[in-house]
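Reviewing the structure listed below.
The values are calculated or read from the model by the stated rules, or taken from the named source; none is laboratory data. Everything quoted here is computed from the prediction, not taken from an experiment. All Cβ positions, glycine included, derive from the backbone under ideal geometry; neighbour counts span all protein chains shown. The area values use the complete protein model at the heavy-atom level, side chains included, leaving out ligands, DNA and RNA. Shrake-Rupley method; radii C 1.70, N 1.55, O 1.52, S 1.80 Å.
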Amino acid sequence: MGAQRWIFGFDSCAPTRYREVVLTVSRFEQKPSKLIILTPTHLAEISSHGERDYPYECCGLLIGRFDSVDEKVVFETYPISNAREESAKRNRFLIEPEELMKGERYARTNDREVVGFYHSHPESPAVPSQYDLEHAWPTYSYIIVSVNKERAGDLFSWEQEPDRSKFNREEIRIIEL
């Protein structure tokens, strides 16, 4: 069966304007059936964090709530420093357990939850790597922003299958809260 094509994307250069990007569906994806809801500000914060940390991967938490099995709402981003050793920061990120627990406590004190994680892929596409697949947890959203030559580009959200075999793309819905 040949690759399917459909339209999906976000213009990081103009967070309040959206563009259509034609992508080829690969082994990582099919038409999104799950949904994550963000604001233009969240998308701009993630993109800006990726540009600021370039050429290293940035990382952070997505704080919000699970509205249903198929829908998450993000209320804020929670940036975290990449704790990976210097030589590996260009293509890996690490969130120390203490930092994750601090973020979880912060979310709980605001009656929210960690609904996902974000990170950047410097000079690489915004699709999960094999390393991402091996280190992700089902249920959570994983937003990846591609950063090329210090400029944020494509940004997509992914959720891992319950059996951890692959990622599926999540639809990103942009709203003003």
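Output the number of residues of segment 135-147 satisfying the condition of being surrounded by fewer than 21 Cβ atoms within 10 Å (Cβ to Cβ) and in contact (Cβ under 8 Å) with a residue 12 or more places away in the chain.
Summing the residues that are surrounded by fewer than 21 Cβ atoms within 10 Å (Cβ to Cβ) and in contact (Cβ under 8 Å) with a residue 12 or more places away in the chain in segment 135-147 gives 5.
Restricting attention to segment 96-126, the residues being surrounded by 19 or more Cβ atoms within 10 Å (Cβ to Cβ) and among the β-branched types (Val, Ile, Thr) number 1. Which one is farthest from the chain's Cα centre (by Cα), of the residues in segment 66-85 that are over 14 Å from Ser120 (Cα atoms), surrounded by 15 or more Cβ atoms within 10 Å (Cβ to Cβ) and aliphatic (A, V, I, L, M)? The qualifying residue farthest from the chain's Cα centre (by Cα) is Val73.
Considering only residues that are over 11 Å from Pro122 (Cα atoms) and either in contact (Cβ under 8 Å) with a residue 40 or more places away in the chain or touching a Pro at 6+ places or on another chain (Cβ under 7 Å) (or both), which ones fall in segment 43-59? Leu43, Ala44, Ile46, Ser47, Ser48, His49, Cys59, listed by residue number. With respect to the numbered conditions (1) farther than 25 Å from Ile174 by Cβ; (2) open to solvent by less than 20 Å² (accessible area, probe 1.4 Å), which one is the sole condition not fulfilled by Cys58? Of the numbered conditions (1) farther than 25 Å from Ile174 by Cβ; (2) open to solvent by less than 20 Å² (accessible area, probe 1.4 Å), the odd one out for Cys58 is (1). Among the numbered conditions (1) at negative phi; (2) open to solvent by 20 Å² or more (accessible area, probe 1.4 Å), the only one that Glu150 does not meet is (1). Please go through (1) acidic (Asp, Glu); (2) under 20 Å from Tyr78 (Cα atoms); (3) open to solvent by 70 Å² or more (accessible area, probe 1.4 Å) for Glu159 and return the number of the only condition it doesn't satisfy. Looking at each condition in turn, Glu159 falls short on (3).
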